[in-house]
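Peer 1: I have a structure here, written as structure tokens, and I will follow up with some questions on it.
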């Protein structure tokens, strides 16, 4: 699989066989947390569509998923995400069914029914105080 950073607010996922790679048009382009969020949605959508296609005995070798987003403010966050599947071999009469299947992706469902998030701090245990009168064993006066 290959994830391509198309812009600061869009990615494309394609099957290439082999290991997952992430590519950008330039070395200066950063794989941001927003790209990561979109990548999770793209991989989830891709996986569920490929599973459906396999069960329906349809080829999915040419399936690609694009995810783009726009921002909302106060607070700054992703306000809108758009998932587009590019699937040239998908029969036209299966398009609406494929859209319904794509919506079954658990990441998609998470956006519609947000998870609660808790933030915790895990602190290192405090070091035991060293007493002035204590000496390492085996040390004489």
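Peer 1: Compute the FRET efficiency between residue 113 and residue 68 as 1/(1 + (r/R0)^6), taking r as their Cβ-Cβ distance and R0 = 25 Å, and round to the nearest 0.05.
Peer 2: Numbers: r = 22 Å, r/R0 = 0.89.
For residue 113 and residue 68, the calculated efficiency is 0.65.
Peer 1: A follow-up question, please. When 1/r is averaged over all different Cα pairs and the result inverted, which Kirkwood radius in Å belongs to region 7-66?
Peer 2: That comes to 12.7 Å for region 7-66.
Peer 1: Which value does Rg/Rh take for region 2-112 over its C-alpha atoms, Rh per Kirkwood?
Peer 2: That ratio equals 0.98.
Peer 1: Could you put 2, 99 in order, starting from the residue whose Cβ has the fewest other Cβ atoms within 10 Å?
Peer 2: Fewest-to-most ranking of 2, 99: 99, 2.
Peer 1: Still on this structure: To the nearest 10 degrees, how steep is helix 33-55 against the longest Cα principal axis of the chain, on a 0 to 90 scale?
Peer 2: Taking Cα atoms only, the helix is inclined about 50 degrees.
Peer 1: Still on this structure, I have one more. Set the Förster distance to 22 Å, then compute FRET efficiency between residue 22 and residue 80 from the Cβ-Cβ distance, nearest 0.05.
Peer 2: Efficiency at R0 = 22 Å is approximately 0.45.
Peer 1: Something else: Between residue 122 and residue 94, what FRET efficiency comes out of the Förster formula 1/(1 + (r/R0)^6) with R0 = 41 Å and r the beta carbon distance, rounded to 0.05? List each step's numbers first, then the result.
Peer 2: Values: r = 48 Å, r/R0 = 1.18.
For residue 94 and residue 122, the calculated efficiency is 0.25.
Peer 1: Which of 125, 114, 91 moves most in a GNM of the chain, Cα contacts under 10 Å?
Peer 2: 125
Peer 1: So what is the 222 nm mean residue ellipticity for the chain from helices alone, if each DSSP H run of at least 4 adds -39500 (n - 2.57) and you divide by all residues, rounding to the nearest 500 deg cm²/dmol?
Peer 2: Values: 3 runs with 38 residues, N = 141.
Helices in the chain give a 222 nm mean residue ellipticity of -8500 deg cm²/dmol.
Peer 1: How do 113, 108, 35 line up, fewest other C-beta atoms within 10 Å first?
Peer 2: Ascending Cβ contact count within 10 Å gives the list 113, 108, 35.
A short reminder: the numbers here are calculations on the coordinates, not readings from a lab. Keep in mind that this is a model prediction, so the values were computed, not measured. Every residue, glycine as well, gets a Cβ built from its backbone with ideal geometry; the counts of neighbours run over all protein chains shown.
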